[in-house]
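Take a look at the structure below.
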Amino acid sequence: MPATWLTALSWFALAIAFASAGWIAFDIYGRGYRQHMTIMEAVWPITGLYFGPAAVAAYRAWGRPASHRWRREHGDPPPKPGYASTALDVSHCGAGCTLGDIIAEFATFALGATVAGLAIGAEYIADYLAAVILGILFQYFAIAPMRGLGLGKGLIEAAKADVASLTAFEIGLFGWMALMTFVFFPAPHLMPDSPVYWFLMQVGMIAGFFTSWPVNVWLVRAGIKEAM
């Protein structure tokens, strides 16, 4: 079983993450900093669920200035550094993956699903399928309005832009999940009803963020994906 200190740290990290996500959501919806790109109103709070205060800092620097309210009050936002655009691209992909992973993890746990007797096999399959579905939907709502695309063409372009990116994200996360299962907690394995599980999943999602980074850089340079 996880050590007491690790359980306490996990609860603290999760509380900070939920507070970060809640603050961002309140700033967007409660204080009126609605985003120029509507899908980012979901992306920013979801990013807060695993990056915590770092997501709040990024939102204050790059998200709030992209809002309609900020533009009315201050004019055009200042130019972003190149790494900021890449971070936004990755966070957009990461939000779909993160939401898909949360849904899939609880679903496989509730169903008791396994592959070859291991829950992690079922989690891999469910996580990836959910990430693909939600990742493409998130990308569709970014690409289609910008390019004026219909549903069919928009989904095709969204898949071209996001499948490689979300696959890279999941590779980083899945590698970390393997460490969780076979190295850190080989017997008994952690389950999604444990705060430690979700704290370590936060770490895995951060790992996925960085494994997806170079793929997003390539996709933008190749003109396959729009720079945020």
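The values are calculated or read from the model by the stated rules, or taken from the named source; none is laboratory data. Here the structure is a predicted model, which is why all the values come from computation and not from measurement. Ideal geometry is used to build each Cβ from the backbone, glycine not excepted, and the neighbour counts take in all protein chains shown.
Kindly check whether there is at least one residue in segment 172-187 that is within 13 Å of the chain's Cα centre (by Cα), modelled with pLDDT of 90 or more and among the hydrophobic types (A, V, I, L, M, F, W, C). Steps first, answer last, please.
Taking segment 172-187 as the starting set, the residues that turn out to be within 13 Å of the chain's Cα centre (by Cα) are 172-173.
Keeping just the survivors that are modelled with pLDDT of 90 or more gives 172-173.
Still in the list and also among the hydrophobic types (A, V, I, L, M, F, W, C): 173.
Within segment 172-187 (the criterion being within 13 Å of the chain's Cα centre (by Cα), modelled with pLDDT of 90 or more and among the hydrophobic types (A, V, I, L, M, F, W, C)), the answer is yes, since at least one residue qualifies.
Within segment 35-91, if we keep just the residues that are without any contact (Cβ under 8 Å) to a residue 60 or more places away in the chain and among the aromatic types (F, W, Y), the residue that is farthest from A168 (Cα to Cα) turns out to be W70.
Quick check on segment 130-145. Is at least one of its residues in contact (Cβ under 8 Å) with a residue 12 or more places away in the chain and either among the charged types (D, E, K, R) or under 14 Å from P192 (Cα atoms) (or both)? No: zero hits.
The helices (runs of 4 or more DSSP H) found wholly in segment 1-106 and carrying at least 1 residues that are surrounded by fewer than 19 Cβ atoms within 10 Å (Cβ to Cβ) and over 15 Å from the mean Cα position of the chain (by Cα) occupy 4-25, 53-58, 68-74.
Looking only at segment 107-127, which residues are of a type in the set (S, T, N, Q) and surrounded by 15 or more Cβ atoms within 10 Å (Cβ to Cβ)? It would help to see each step written out before you state the result.
So in segment 107-127, the residues of a type in the set (S, T, N, Q) come out as 108, 114.
Within segment 107-127, just T108 meets the criteria.
Among the residues of segment 148-170, just one is surrounded by fewer than 18 Cβ atoms within 10 Å (Cβ to Cβ), of a type in the set (D, E, K, R) and free of Cβ contacts under 8 Å to residues at least 60 places away in the same chain, namely K153. Tell me yes or no: at least one residue of segment 177-197 is over 23 Å from A17 (Cβ atoms) and of a type in the set (D, E, K, R). The answer is no, given that none of the residues of segment 177-197 is over 23 Å from A17 (Cβ atoms) and of a type in the set (D, E, K, R).
Only one entry of A113, A130 meets the criterion of being outside any helix (DSSP H, G or I), touching a Gly at 6+ places or on another chain (Cβ under 9 Å) and in the same structural domain as A168 (by TED's automatic domain parsing), and that entry is A113. Among all positions in segment 148-166, there is no residue which is closer than 25 Å to P192 by Cβ and not in a helix (DSSP H, G or I). If you check G117, G100, G112, G121 for being free of Cβ contacts under 8 Å to residues at least 60 places away in the same chain and under 15 Å from D193 (Cα atoms), only one passes: G112.
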